[in-house]
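We did not get these values from a lab; they are worked out from the coordinates using the rules stated. All of these numbers come straight from a predicted model, not from anything done at the bench. Here the Cβ positions follow ideal geometry from the backbone for every residue, glycine too, while neighbour counts run over all protein chains shown.
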Amino acid sequence: MEHFASIFSKKFNNILTAEKINATELANKAKITTVISYDYRSARAAPSGLSVIKIVKAFPQYTCYLLGLDPKTLPEQITFKD
């Protein structure tokens, strides 16, 4: 589980950087708690399915990136080279 938390944290931080927001702003937009948002940023926790859904709903352009899907399957996806 720690490995997954580390992978998700890297992706989470890339989104924060790309959007020029902090973990609190992401939490407010995605309607997740600020504490869990900072836990994701620091790789202290792996995301729950519900949290991933909330983040994807708030930032749909990163759906493929967060879920490891082929970006050609959804329009207007943003990807990063890890």
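Exactly one residue among Leu74, Leu66, Leu50 is in contact with a Lys or Arg (Cβ under 7 Å, 6 or more places away or on another chain) and of a type outside the set (S, T, N, Q), and that residue is Leu66. Once the stretch 10-33 is narrowed to residues that are of a type in the set (Lys, Arg) and closer than 13 Å to Lys81 by Cα, the residue that is surrounded by the fewest Cβ atoms within 10 Å (Cβ to Cβ) is Lys10.
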